[in-house]
1. Taking GLY14, is it on the phi > 0 side of the Ramachandran plot and touching a Ser or Thr at 6+ places or on another chain (Cβ under 7 Å)?
2. Among strands (runs of 3 or more DSSP E) lying entirely in segment 166-270, which contain 2 or more residues that are away from the ligand (no atom under 12 Å from the Cβ)?
3. Scan segment 46-82 for residues that are touching a residue at least 60 places away in the same chain (Cβ under 8 Å) and aliphatic (A, V, I, L, M) and jot them down.
4. How many residues are part of a helix (DSSP H, G or I), closer than 20 Å to GLY11 by Cα and in contact with a His (Cβ under 8 Å, 6 or more places away or on another chain) when one looks only at segment 64-100?
5. Within segment 147-159, is even one residue assigned to a loop (DSSP other than H, G, I, E, B), surrounded by fewer than 19 Cβ atoms within 10 Å (Cβ to Cβ) and not hydrophobic (A, V, I, L, M, F, W, C)?
6. Could you check, for segment 52-63, whether at least one of its residues is over 27 Å from ILE248 (Cβ atoms), of a type in the set (A, V, I, L, M), part of a loop (DSSP other than H, G, I, E, B) and in contact with a helix residue (DSSP H, G or I) (Cβ under 9 Å, 6 or more places away or on another chain)?
Amino acid sequence: MRISKVVFPVGGLGKRFFPITRAIPKEMLGIIDKPLIHYAFEEAVAAGIEEFIFVTRHGKNSIEDYFDYMFANSEYFNIKMGSVCYVRQNEPLGLGHAVLCAKNLIGEESFAVMSADDFILHSKSCLGEMIKLYDGSNMVATMNVSSEDVSKYGILDPDRETEKLVTAKSVDEKPSIEKAKSTLAIIGRYLLSHEVFEVLEKLEPGIGGEIQLTDALLKMIPSHGLTGFKFEGKRFDCGSKEGLLSAILHVANQNGKLCRVIEDFYGDKK
Ligand code: G1P
């Protein structure tokens, strides 16, 4: 099924990176010479996405400035004029609320949502692989996390599984270790039916007092189902310092010159 639009929710505060994120959006933190949001954008372009919607807020202007430059230089991205827009999320009320802010720009078609915090290093576009298998139900990227980490994620209650897909009986946002039905976590790639907007509009705040996208997905299981896509490649939680550092090291390690810096560092430590 064709998906042509992506929503990038970039309104988060990036508290785990204070103080730097007091002045720099977390999506603009760098992996060597490109910011996190650049990698997500590249993955979307490789997936065949044609319209890009950023849900932004106060203090995030450098994202717009960055992409102005990128789009003016076709060596980076050769995308059509007018295919990028920015909407504002004027209060940080959660991921579900951020997605709802894009409602008027989506219309009656399924669309993608991507979180730049989840950096996936792979030769194939994770989003592109999802789109190939998308059948109109709600779909999320998923991977197993350690049981101590389940309370950081939306966690699926798995039902039928094939090599690449898993259907979920239910889903729970940030459950405790005791309550989690599995360790299968949602990673920030979603393909959603536009009907999610009707559900989000009526949704009460969930965990953390936020409008949770996961709660909308749960409500839609009887009508739309929920499928997890077991993606290939290594994923880094770049919303955390450990994840960002690990991503930087992995990218550097793939670069001839930079990889020598890592070798020198370990050499010095011996
Ligand atoms: C969000 C979602 C969560 C998902 C996670 C993936 O949480 O609410 O379901 O597992 O992204 O990164 P956040 O990290 O914004 O708290």
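1. yes
2. The qualifying strands (runs of 3 or more DSSP E) are 184-192, 226-230.
3. If the condition is that a residue be touching a residue at least 60 places away in the same chain (Cβ under 8 Å) and aliphatic (A, V, I, L, M), then ALA46, ALA47, ILE49 are the ones that fit.
4. Qualifying residue count for the region: 1.
5. no
6. no
We did not get these values from a lab; they are worked out from the coordinates using the rules stated. Note that the structure is a prediction, hence the values are computed from the model and not measured. Quick reminder, even Gly has a Cβ in these numbers, built from the backbone with ideal geometry, and neighbours come from all protein chains shown.
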